[in-house]
Each structure stands twice: as C-alpha cells, then as structure tokens.
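Asks: Can you keep this structure in mind? I'll have questions shortly.
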Amino acid sequence: MAQQRNIEQPVSLISTSGDGEAETFAAVLSALDREQLATVARTLRFSRAVCTADKMEPSVGDPIYGSYHVIFPLNFDDGHRWVAKIPINGTPDGWNEASAIALTAEARTMQLLKRETTIPLPEVFGFSSIT
C-alpha cells in the first residue's frame, strides 16, 4: 500500500547539514581541491567567452549532499551562479570505466536535449570523466 503524505510538506531531496552526509562523502571531500575547482570554473567561463573580467574568481559554497553526488555552488562576482556536481565515487580509488561511461553519457545526453528540445535543463559547461 502506498504511503500518503501531506502535499503541503515538501520532500527534502538534498541536505546541507549533518555529519552523516559529510562522513558518507569523506573520500570525495578529502580528494577535492576547492581552489582548483574555482580555477576550473573561471577557466571554463573565459574559454566560452561568457565572462570578460580577467580575474573573476568564483567563491565555492558549502557542499550540498544528495544520494549519489555532492554539489558545490559556485558564485561569480557578476551574479552568475554555477554548480559543480561530483559523484560519490569520484575519487581515484572509486572511479572505474563504468563510472566514466555513465558520467559521459549523462553529460552528453543533457547537452543533446538542451540543444535539440525545449526541455528546461541546466547548461553543461564542462565535465571530465577521468581522474
């Protein structure tokens, strides 16, 4: 039997607090260089001619935890906001060929749907399936 819930109470899909999530994502968090993340985001903006300021560094926000990904908000000085989505197994020890294929398929599918349909999707500015 399906469980009913009050429609006025939204279901929380992600959490920004709690040691449990940080512990679950400890391997990813310890392998991540937040300064490098900001540098990659800035480089992507310049390479796409999206940004004209030559020294605009995004600030990297606190992690937001999902079931299988950790998301880092990236806030640029000019008001643009991006997110970096990193899978739970996004570490040298946890990454394998199947992970790379899945990430590439997800990113390419989002790019195709964004280009060929009117489905509202975020733009994929870049991705890497290698560690």
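The values are calculated or read from the model by the stated rules, or taken from the named source; none is laboratory data. All of these numbers come straight from a predicted model, not from anything done at the bench. Every residue, glycine as well, gets a Cβ built from its backbone with ideal geometry; the counts of neighbours run over all protein chains shown.
Asks: Filter the stretch 77-131 down to residues that are out of contact with any Pro (no Cβ under 9 Å at 6 or more places or on another chain) and among the acidic types (Asp, Glu) and give me whichever is surrounded by the most Cβ atoms within 10 Å (Cβ to Cβ).
Replies: Within the stretch 77-131, the match that is surrounded by the most Cβ atoms within 10 Å (Cβ to Cβ) is 106.
Asks: Would you check which residues across the stretch 1-39 are out of contact with any strand residue (DSSP E or B) (no Cβ under 8 Å at 6 or more places or on another chain), among the aliphatic types (A, V, I, L, M) and at pLDDT 50 or above and list them?
Replies: Matches in the stretch 1-39: 26, 27, 31.
Asks: Taking the stretch 106-121, which residues are of a type in the set (A, V, I, L, M), assigned to a helix (DSSP H, G or I) and under 15 Å from the mean Cα position of the chain (by Cα)?
Replies: Within the stretch 106-121, 107, 110 meet the criteria.
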